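Here is the structure we will look at, set down as structure tokens.
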Amino acid sequence: QVKLVESGGGLVQPGESLRLSCAASGSIFNIVVMGWFRQAPGKQRELVASITGRGTTNYAGSVKGRFTVSGDNAKNTMYLQMNNLKPEDTAVYYCNLVGDGQNNWGQGTQVTVSS
């Protein structure tokens, strides 16, 4: 069983930055893809960014150029560097890991962008 723990969320002003972390623990043999999703109140959960086991990244159009996803295989940790944050980025951010026939989710971390 894989456990994912997100951290790094908080309250920031527009234009500021945050870095989210997702630490994975447990038996992980073959990671297909890890991703960051977010869900704002009253909206569906949406993909923000993803990174495959080979390092290929993908971004939602709304965050491209502002967010960067990366991974540290030695630490089993994925990061999301978020720059130039906007109020519309406010949401609960979830970490997701697909691999070994499993689809795992973290508990989420709140990101609030407000002046």
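Can you name the residue in region 94-111 that is under 15 Å from GLY10 (Cα atoms) and surrounded by 15 or more Cβ atoms within 10 Å (Cβ to Cβ) and is also farthest from the chain's Cα centre (by Cα) among such residues?
Checked region 94-111; the qualifying residue farthest from the chain's Cα centre (by Cα) is VAL111.
Any residue at all in region 60-74 that's free of Cβ contacts under 8 Å to residues at least 40 places away in the same chain, under 14 Å from LEU97 (Cα atoms) and assigned to a helix (DSSP H, G or I)?
Yes: one or more hits.
Out of the residues in region 62-72 that are modelled with pLDDT of 95 or more and within 15 Å of the chain's Cα centre (by Cα), state the one that is most open to solvent (accessible area, probe 1.4 Å). Walk me through it before giving the result.
We begin by selecting, within region 62-72, every residue modelled with pLDDT of 95 or more; these are 62-70.
Next, from what is left, pick out any that are within 15 Å of the chain's Cα centre (by Cα): 62-64, 66-70.
On the way: SER62: 67, VAL63: 0, LYS64: 133, ARG66: 23, PHE67: 6, THR68: 72, VAL69: 8, SER70: 48 Å².
Result: LYS64.
Does at least one position in region 15-29 carry a residue that is part of a loop (DSSP other than H, G, I, E, B), open to solvent by 40 Å² or more (accessible area, probe 1.4 Å), touching a helix residue (DSSP H, G or I) at 6+ places or on another chain (Cβ under 8 Å) and not β-branched (Val, Ile, Thr)?
no
So how many residues does region 73-93 have that are open to solvent by less than 40 Å² (accessible area, probe 1.4 Å) and within 14 Å of GLU6 (Cβ to Cβ)?
Count: 8.
The values are calculated or read from the model by the stated rules, or taken from the named source; none is laboratory data. Small disclaimer: the values here were computed from a predicted structure and weren't measured. Note: ideal-geometry Cβ built from the backbone for every residue, glycine included; neighbour counts use all protein chains shown. Only protein heavy atoms, including side chains, enter the accessible area calculation; ligands, DNA and RNA are left aside. Shrake-Rupley method; radii C 1.70, N 1.55, O 1.52, S 1.80 Å.
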